[in-house]
Amino acid sequence: MFSAVIQARPAPLALAATLGPLIRGVVEGLVGSATLVAAHPDPDIEEIADSAGCRILVEADWAEGFSRVVANAGGAPLLVMDTGLMLGQEFWPVLADHLPLLGDRPAVTEREKQPSILSRLFAGSSAAPGRDQVLLLPGSVSRQIAQMKADPLTHRYTNLARLPVSARRVPE
């Protein structure tokens, strides 16, 4: 069961759009909890978190906040997202189908707008996801990223699996 970690920004409609599709993940037994990492206290974020049953962690540095979430996750795999990303209905069935194949590999959704063929050729064997992608991290990989105090959404991963779905960015 995944724990969702969302870099929360004070954009109430975008944050609500990000949290809404996670409900299906909870219903299907794929998501057990969600934590919003906010740079500073914000009443809008607190209200949304309270309504959605999420925890809030206030930490000015996103990478440090991510590390603290990992320390409290008990080795659970993480679903890492940025505010404003919305999962489509096809995400959960695709994830369920691919989970047995992933093993201990991190995975990422496709980009909504595909990069050019040249940029894909020069990307090399390691790849960094972007803030417009959803990242799935096994517990062991999450701990490695947390120990480095790295931003999981910009860290370069080796052996990064690609899920054949994308998340859509909503306006903030």
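The values are calculated or read from the model by the stated rules, or taken from the named source; none is laboratory data. Computed from a prediction, not measured in an experiment: that's the story for all the values here. Virtual Cβ from ideal backbone geometry, glycine too; neighbours counted across all protein chains shown.
Residues that are without any contact (Cβ under 8 Å) to a residue 40 or more places away in the chain and crowded, with 16+ Cβ neighbours inside 10 Å: does the range 13-22 have at least one? The answer is yes, given that some residue of the range 13-22 is without any contact (Cβ under 8 Å) to a residue 40 or more places away in the chain and crowded, with 16+ Cβ neighbours inside 10 Å.
Of all residues in the range 126-144, those that are within 11 Å of Ala76 (Cα to Cα) and among the β-branched types (Val, Ile, Thr) have Cβ atoms under 8 Å from Cβ atoms of residues that are modelled with pLDDT of 95 or more and crowded, with 22+ Cβ neighbours inside 10 Å, 6 or more apart or on another chain, in Val141/Pro106. Given the condition of a type in the set (Phe, Trp, Tyr), touching a helix residue (DSSP H, G or I) at 6+ places or on another chain (Cβ under 7 Å) and touching a residue at least 40 places away in the same chain (Cβ under 8 Å), answer yes or no: does some residue in the range 64-80 qualify? Yes: the range 64-80 contains one or more residues that are of a type in the set (Phe, Trp, Tyr), touching a helix residue (DSSP H, G or I) at 6+ places or on another chain (Cβ under 7 Å) and touching a residue at least 40 places away in the same chain (Cβ under 8 Å).
Evaluated against (1) modelled with pLDDT of 90 or more; (2) within 22 Å of Ala8 (Cα to Cα); (3) small (Gly, Ala, Ser), Ala96 falls short on exactly one condition, (2).
Do we find that Arg24 is within 15 Å of the chain's Cα centre (by Cα) and charged (D, E, K, R) in this structure? So Arg24 fails the test. Filter the range 40-61 down to the residues that are hydrophobic (A, V, I, L, M, F, W, C) and touching a Pro at 6+ places or on another chain (Cβ under 9 Å) and list them by number. If the condition is that a residue be hydrophobic (A, V, I, L, M, F, W, C) and touching a Pro at 6+ places or on another chain (Cβ under 9 Å), then Ile45, Ile48, Ile56, Val58 are the ones that fit. If we scan the range 43-50, do we find a residue that is hydrophobic (A, V, I, L, M, F, W, C) and at pLDDT below 90? Scanning the range 43-50, I find no residue that is hydrophobic (A, V, I, L, M, F, W, C) and at pLDDT below 90, so the answer is no.
The listed residues are Ala38, Ala96, and the only one of them that is surrounded by fewer than 17 Cβ atoms within 10 Å (Cβ to Cβ) and among the aliphatic types (A, V, I, L, M) turns out to be Ala96.
Which of the strands (runs of 3 or more DSSP E) found entirely inside the range 1-115 contain at least 2 residues meeting this: of a type in the set (A, V, I, L, M) and within 25 Å of Leu160 (Cβ to Cβ)? Here the list reads 2-8, 31-38, 78-82, 85-87, 107-110. Looking at the structure I just gave you, is Arg120 modelled with pLDDT under 95, surrounded by fewer than 16 Cβ atoms within 10 Å (Cβ to Cβ), under 19 Å from Arg24 (Cβ atoms) and among the basic types (Lys, Arg)? Criteria not met by Arg120.
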